[in-house]
1. Under the Karplus relation 6.51 cos²θ - 1.76 cosθ + 1.60, θ = phi - 60°, what is the ordered set of whole-Hz ³J(HN,Hα) values for the range 238-253, x standing for Gly and Pro?
2. Ratio to report: Rg/Rh of the range 149-195, with Cα atoms as the point set and Rh obtained by the Kirkwood method; give two decimals.
3. Please compute the modelled spin-label separation between residue 14 and residue 279, points set 7 Å along Cα→Cβ, answer in nm with one decimal.
4. Using a 1.4 angstrom probe and counting only protein chains, how large is the accessible area of residue 283 in Å², to 10?
5. Give, in nm to one decimal, the length gained when the segment between residue 231 and residue 135 is fully stretched (0.36 nm per residue of separation minus the Cα-Cα distance).
6. Treat each spin label as a single point 7 Å out from the Cα along the C-beta direction, and report the residue 194 to residue 102 distance in nm.
7. Report the normalised scattering of the range 143-224 as log10 I(q)/I(0) at q = 0.12, 0.24 Å⁻¹, calculated by the Debye formula with identical scatterers on the alpha carbons.
8. Please give the length that would be gained between residue 72 and residue 324 if that part of the chain were fully extended, namely 0.36 nm times their separation in residues minus their C-alpha to C-alpha distance (nm, one decimal).
Amino acid sequence: PAVTSPCKILKCNSEFWAATSGSHHLGAEEAPEFCTALRAYAHCTRRTARTCRGDLAYHSAVHGIDDLMVQHNCSKDGPTSQPRLRTLPPGDSQERSDSPEICHYEKSFHKHSATPNYTHCGLFGDPHLRTFTDTFQTCKVQGAWPLIDNNYLNVQVTNTPVLPGSSATATSKLTIIFKSFQECVDQKVYQAEMDELPAAFADGSKNGGDKHGANSLKITEKVSGQHIEIQAKYIGTTIVVRQVGRYLTFAVRMPEEVVNAVEDRDSQGLYLCLRGCPLNQQIDFQTIRSAQATEGRARRKGPSLPAPPEAFTYETATAKCREKLPVEDLYFQSCVFDLLTTGDVNFMLAAYYAFEDVKMLHSNKDKLHLYERTRELAPGNMAPPGTHPTLWVALLCLSWLCLL
């Protein structure tokens, strides 16, 4: 798909990185050569601006060029002819095991430094989001949304309706951009879509390119067409992407230092894994689940909503989810929610694999399971300990009836 796309930003990227590979060895007197390549890069992006308007890689390149112009004090006016290609020292290759220490996040820490703290974020199902702060949300977020946006990588997902006319959405496309990092990796783009889970980056490579520490970024295919894993050792990050049924799931393990590596956090735009879904995109999971339990599929009856492929009642959905998720935590509840909302049994597997990824990626084993929390109530309105929220509301209603 990348070859036939009218957007040629990847060609611009590869020309620039090819022209400047090894530029970290340049002396100050050779800086104009880098600026010349950078101006050629900018010119290339302008040529493809119209066809790349909606491409995340294009916008990342444009911002990256501006940053590099400032860092290297390059003028926007000047020659744009490509300099000669620079090669790495003899004997250097992508397969060298003695990559620079800076290309291995954990090794770059001194022996007496504190161990880095890792966090986890995941997106699966209809869709359900577990943020880096272990907040669990069910969201609508139809269309394209940024999951991660920091100094090292961008992750964007596209969610589409599961059924025509339904508010249920699931992830149909995923784009990950690993930004160029010192002598470790070139910029790499990974893209996955429904029925298209490649085991390589968009340029066909499986590692970080031609730099000395290229193997600090690698893709491994675990199950063909169903499960890939990306190791970005230079930022201590592991990403798992799966296709379950027709839709994609995403899970990441990342150090807090990398999570929070943004230029200006206060003005940072939406970043779902860090900030969660906007309030107007969140679904009141508790209210809807209560309705599901009491009304089953009755709430879906109506001329505007099509019937799901398979009919689930609350009881049959609960029994089905319990086959894979015996603990009734939020992963179990999201499974029940998705079966009632979509009728697609693959959403049960999505919840199951999401929890399997949590077990593999989360550093705090005491936080694997998340349970529903009651909303904060004003002082004096707290429910008695151990009382189920739904029962408490019912008791309040009864008390008002008695007063009347």
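1. 10, 10, 10, 10, 10, 10, 10, x, 9, 10, 9, 10, 9, 9, 9, 10
2. Computed over Cα atoms, the ratio is 1.19.
3. Taking the two extended label points, one gets 4.8 nm.
4. Accessible area of residue 283: about 40 Å².
5. 32.1 nm
6. Here the answer is 4.4 nm between the modelled labels.
7. -0.42, -1.15
8. 85.3 nm
The values are calculated or read from the model by the stated rules, or taken from the named source; none is laboratory data. None of these values were measured; they are calculated from a predicted model. Positions of Cβ are generated from backbone atoms using ideal geometry, with glycine treated the same way; all protein chains shown enter the neighbour counts. Note: accessible area is taken over every heavy atom of the protein model, side chains too, but ligands, DNA and RNA are not part of it. Shrake-Rupley method; radii C 1.70, N 1.55, O 1.52, S 1.80 Å.
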